[in-house]
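Novice: Got a structure here, written out as structure tokens. Questions coming.
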Amino acid sequence: MNWFEAVILALIEGLTEFLPVSSTGHMILGSAFMGIGNDDFTKLFMIVIQLGAILAVFVLYFKRFFQSIHFYLKLIAAFIPAAVFGVLFSDKIDELLESPLAVALSLVIGGVILLFVDKWFNKPRIHEMDEMTYWDALKIGFFQCIAMIPGVSRSGATIVGGMSQKMSRKLAAEFSFFLALPTMLGATLKKSMDYFEKHDALTSDQIQNLVIGNVVAFIVAIIAIKAFIGYLNKHGFKLFGWYRIVAGLIILILIFAGVELKVV
């Protein structure tokens, strides 16, 4: 991976991390189109640059992180299922990370769900995080586990999970942003530990790519979060649903037409 490829993947990460379209799925496809190898560093890079994106959440919602201990306890409750499933099924998740077909199918199925989610959950009763219960948070955490399948979208799964608990679209989206912090920090820590079990150190070029990737992801994520919240409040999820369906179908057509999309 060179610095230009690192920038492209970071742009994809920052733009898609908090949208219900699957950042991991898009990075897998981006790396496949660019012919980037599925080596250990590439897998590490895709996880670690999420730190730049979650830093954007901390900057934009700075005051929220100093309001109440209950804020953190609810995040912990929602994080527990993903932590358990991530440890149990990490090898299987790594296998799926190499599959454009899995991404394509997940994009289509998730897109169909997004077309109807506004109708299914159109009577919210929870508009502030203080109104959430720990049980609500835990159930959202189980929805997040579905997003371990590439292409599902962590933000999409947790937003739908929040709306299923009668949360408003805005609150469900914001809670999804907050939940990204412990989830991605945990994923980064585990992936880093796995990497350094096999490798002694990072090269200077690899460190450079990680720094560039995080900076780009941070800047783009700030813009994407602001735009997403504004759009979501006015228009809902249909556009994202159609986008996922069209993108997934295009990928399926390419795969069955014999176009090589395998991450090499």
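The values are calculated or read from the model by the stated rules, or taken from the named source; none is laboratory data. Please read all numbers here as calculations on a predicted model, not as lab measurements. Note: ideal-geometry Cβ built from the backbone for every residue, glycine included; neighbour counts use all protein chains shown.
Novice: Taking region 34-90, which residues are farther than 23 Å from LEU210 by Cα and of a type in the set (Val, Ile, Thr)?
Specialist: Of everything in region 34-90, those that are farther than 23 Å from LEU210 by Cα and of a type in the set (Val, Ile, Thr) turn out to be ILE69, ILE76, ILE80, VAL84, VAL87.
Table: residues versus (1) surrounded by fewer than 24 Cβ atoms within 10 Å (Cβ to Cβ); (2) hydrophobic (A, V, I, L, M, F, W, C); (3) at pLDDT below 85; (4) closer than 28 Å to ALA257 by Cα.
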{"position": "ALA102", "(1), (2), (3), (4)": "yes, yes, yes, yes"}
{"position": "PHE116", "(1), (2), (3), (4)": "yes, yes, no, no"}
{"position": "PHE121", "(1), (2), (3), (4)": "yes, yes, no, no"}
{"position": "MET129", "(1), (2), (3), (4)": "yes, yes, no, no"}
{"position": "TRP135", "(1), (2), (3), (4)": "yes, yes, no, no"}
{"position": "PHE142", "(1), (2), (3), (4)": "yes, yes, no, no"}
{"position": "MET148", "(1), (2), (3), (4)": "yes, yes, yes, yes"}
{"position": "SER153", "(1), (2), (3), (4)": "no, no, yes, yes"}
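Novice: So how many residues does region 17-64 have that are of a type in the set (A, V, I, L, M, F, W, C), under 22 Å from TYR231 (Cα atoms) and part of a loop (DSSP other than H, G, I, E, B)?
Specialist: So the count comes out to 3.
Novice: Picking from LEU261, LEU202, which residue would you name as being modelled with pLDDT under 85, of a type in the set (A, V, I, L, M) and on the phi < 0 side of the Ramachandran plot?
Specialist: LEU261
Novice: Mind telling me which of the residues ALA173, ALA247, ALA217 ends up being in contact with an Asp or Glu (Cβ under 8 Å, 6 or more places away or on another chain), part of a helix (DSSP H, G or I), among the hydrophobic types (A, V, I, L, M, F, W, C) and on the phi < 0 side of the Ramachandran plot? If you could, list the steps in order and put the result at the bottom.
Specialist: Numbers: ALA173 fails: in contact with an Asp or Glu (Cβ under 8 Å, 6 or more places away or on another chain); ALA247 fails: in contact with an Asp or Glu (Cβ under 8 Å, 6 or more places away or on another chain).
Exactly one residue qualifies, and that residue is ALA217.
Novice: Any residue in region 30-44 that is surrounded by fewer than 24 Cβ atoms within 10 Å (Cβ to Cβ), on the phi < 0 side of the Ramachandran plot and modelled with pLDDT of 85 or more?
Specialist: Yes, that holds for at least one residue.
Novice: Here is a list: ALA32, ALA10, ALA77. Which entry is touching a Phe, Trp or Tyr at 6+ places or on another chain (Cβ under 7 Å) and not hydroxyl-bearing (Ser, Thr, Tyr)?
Specialist: Exactly one of ALA32, ALA10, ALA77 is touching a Phe, Trp or Tyr at 6+ places or on another chain (Cβ under 7 Å) and not hydroxyl-bearing (Ser, Thr, Tyr), namely ALA77.
Novice: So which residues in region 1-55 are closer than 22 Å to LEU202 by Cα, without any contact (Cβ under 8 Å) to a residue 24 or more places away in the chain and aliphatic (A, V, I, L, M), if there are any at all?
Specialist: Of everything in region 1-55, just one residue is closer than 22 Å to LEU202 by Cα, without any contact (Cβ under 8 Å) to a residue 24 or more places away in the chain and aliphatic (A, V, I, L, M), namely MET27.
Novice: A further question on this structure: Restricting to region 237-246, count the residues that are of a type in the set (A, V, I, L, M) and under 17 Å from ARG154 (Cβ atoms).
Specialist: The qualifying residues number 0.
Novice: Applying the selection to region 49-68, what residues are surrounded by fewer than 22 Cβ atoms within 10 Å (Cβ to Cβ) and either in contact with a Leu (Cβ under 8 Å, 6 or more places away or on another chain) or under 19 Å from ILE140 (Cα atoms) (or both)?
Specialist: If we filter region 49-68 for residues that are surrounded by fewer than 22 Cβ atoms within 10 Å (Cβ to Cβ), which is where we start, we get 51, 55, 58-68.
Scanning region 49-68 gives LEU51, PHE58.
Novice: Any residue in region 218-236 that is farther than 16 Å from SER22 by Cα and charged (D, E, K, R) sitting within a Cβ distance under 8 Å of a residue that is modelled with pLDDT of 85 or more and surrounded by 12 or more Cβ atoms within 10 Å (Cβ to Cβ)? List the pairs, counting only those 6 or more apart or interchain.
Specialist: LYS226/LEU60
Novice: Picking from LEU185, LEU252, LEU181, which residue would you name as being touching a helix residue (DSSP H, G or I) at 6+ places or on another chain (Cβ under 6 Å), under 18 Å from THR158 (Cα atoms) and either assigned to a helix (DSSP H, G or I) or in contact (Cβ under 8 Å) with a residue 40 or more places away in the chain (or both)?
Specialist: LEU181 is the lone residue from the list that is touching a helix residue (DSSP H, G or I) at 6+ places or on another chain (Cβ under 6 Å), under 18 Å from THR158 (Cα atoms) and either assigned to a helix (DSSP H, G or I) or in contact (Cβ under 8 Å) with a residue 40 or more places away in the chain (or both).
Novice: While we're on this one: CYS145 is checked against (1) within 15 Å of the chain's Cα centre (by Cα); (2) over 24 Å from LEU107 (Cα atoms) and fails just one. What number does that condition carry?
Specialist: (2)
Novice: Which of the residues spanning region 207-244 are among the β-branched types (Val, Ile, Thr) and within 19 Å of PHE177 (Cα to Cα)?
Specialist: Within region 207-244, VAL215, VAL216, ILE219, VAL220, ILE222, ILE223, ILE225, ILE229 qualify.
Novice: Quick test for you: out of SER168, SER164, SER192, pick the one residue that is surrounded by fewer than 17 Cβ atoms within 10 Å (Cβ to Cβ), farther than 15 Å from ASP40 by Cβ, polar (S, T, N, Q) and in contact (Cβ under 8 Å) with a residue 24 or more places away in the chain.
Specialist: When all the criteria are applied, what remains is SER164.
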